[in-house]
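The values are calculated or read from the model by the stated rules, or taken from the named source; none is laboratory data. Bear in mind that the values here come from a model prediction, so they are computed numbers and not experimental data. Please note: Cβ atoms are built from the backbone with ideal geometry, for glycine as well, and neighbour counts cover all protein chains shown.
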Amino acid sequence: MSLSDKTAIVTGAGSARGIGRATAHALAAAGWHIAVLDVNEASAKDAADEIAGRRGVRSFGIGCDVTDETAVGAALDVLGGSAPPVGALVNNAGVTSPTRFLDVTGEEWDRIFAVNVRGAYNITRQVAPTMAERGFGRIVFLSSVSAERGGGVFGGVAYSAAKAAQLGFARALARELGPHGVTVNSVAPGLIDTDITGGALDGERKEELLAGIPVGRNGTVADVADLITYLCREESGYITGATYDVNGGSHIH
Ligand SMILES: NC(=O)c1ccc[n+]([C@@H]2O[C@H](COP(=O)([O-])OP(=O)(O)OC[C@H]3O[C@@H](n4cnc5c(N)ncnc54)[C@H](O)[C@@H]3O)[C@@H](O)[C@H]2O)c1
């Protein structure tokens, strides 16, 4: 089974400085064809064009809100008609919020869970059956150090709870899909330099956080992309149900 005839879907890979786009590039460099699904259609198409241009693989950019089960189905139909079979899924689309628990509303809570948890459900539920039938699949969730240490970086209680839900999701799914050749793992990044905080994490707070990182720097998107690509290799088939920290030692447990 070769990667050269397989597509890796990366959700939320539109963001130009994001973990998803870097992951899509790294997977393409490893030989995967790429499908970028992002709520921002223009950015999804831009990412797909950039990847095809630089890496010489087939690449598809589709506007898709992962919280909408029907839209996810439609995006997968487009791929089903034109892309090589889906061999990997990276559940990267995510939103965060620093709102304190004593200020959070039910609406905001639901929005954070809708993208991070229900969004991952919507696509994984539709992709997993075919992976299991074919006997090969790699699924990776983007959790967060916030799930492990109880926030304290940027995201508040809603974000930490949603990212922790992803860990349970991935572990239970790993157990169920293991017999079918499908691995399911999570990565838990610490502070990675992207636009997810919308510039809201600057100045003194950023300095404070840096002081608590043994390797002395923020993470880069490449740090995370490389690990995800490793987990998606065929040779990584004995790694499943695991959570990998990429946090510069900011949380050691
Ligand atoms: N940056 C960090 O420090 C950090 C740390 C730990 C975990 N993470 C997680 O890594 C993932 C990527 O984060 P990032 O920092 O690259 O963020 P980012 O904001 O740069 O990218 C997120 C992408 O998700 C897309 N998206 C948002 N809602 C969507 C939806 N409903 N449907 C489809 N796409 C949607 C956005 O358009 C964007 O392209 C997220 O799940 C995040 O929670 C990030």
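General remarks:
Conditions tested, residue by residue: (1) in a helix (DSSP H, G or I); (2) away from the ligand (no atom under 14 Å from the Cβ).
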position: Gly155; (1), (2): no, no
position: Glu176; (1), (2): yes, yes
position: Glu204; (1), (2): yes, yes
position: Val215; (1), (2): no, yes
position: Leu227; (1), (2): yes, no
position: Tyr238; (1), (2): no, yes
position: Tyr244; (1), (2): no, no
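- Residues that are within 13 Å of Ser144 (Cα to Cα) and hydrophobic (A, V, I, L, M, F, W, C) within region 171-202 comprise Val187, Ala188, Leu191, Ile192, Ile196, listed in sequence order.
- The residue pairs whose first member lies in region 62-74 and is more than 24 Å from Glu50 (Cβ to Cβ), whose second member is of a type outside the set (A, V, I, L, M) and near the ligand (Cβ under 8 Å from one of its atoms), and whose beta carbons are closer than 9 Å, counting only pairs six or more residues apart or on different chains, are Thr67/Gly119; Asp68/Gly119.
- Matching residues, region 16-42, being near the ligand (Cβ under 9 Å from one of its atoms) and surrounded by fewer than 21 Cβ atoms within 10 Å (Cβ to Cβ): Ala16, Arg17, Val39, Asn40
- As for region 73-80, it holds at least one residue that is hydrophobic (A, V, I, L, M, F, W, C), farther than 22 Å from Ile228 by Cα and either buried (at least 21 other Cβ atoms within 10 Å of the Cβ) or within 9 Å of the ligand (Cβ to nearest atom) (or both).
- Residues (surrounded by fewer than 17 Cβ atoms within 10 Å (Cβ to Cβ) and either modelled with pLDDT under 95 or within 17 Å of the chain's Cα centre (by Cα) (or both)) located in region 231-240: Arg233
- Region 188-243, residues that are over 21 Å from Arg17 (Cβ atoms) and of a type in the set (A, V, I, L, M, F, W, C): Ala211, Leu231, Cys232, Ile239, Ala242
- Residue within region 86-97 that is in contact (Cβ under 8 Å) with a residue 12 or more places away in the chain, away from the ligand (no atom under 14 Å from the Cβ) and touching a strand residue (DSSP E or B) at 6+ places or on another chain (Cβ under 6 Å) present: yes
- Selection from region 198-221 of residues that are surrounded by fewer than 17 Cβ atoms within 10 Å (Cβ to Cβ) and polar (S, T, N, Q): Thr220
- Of the candidates Ala170, Ala165, Ala114, Ala161, the single residue that is touching a strand residue (DSSP E or B) at 6+ places or on another chain (Cβ under 6 Å) and either assigned to a helix (DSSP H, G or I) or not hydroxyl-bearing (Ser, Thr, Tyr) (or both) is Ala170.
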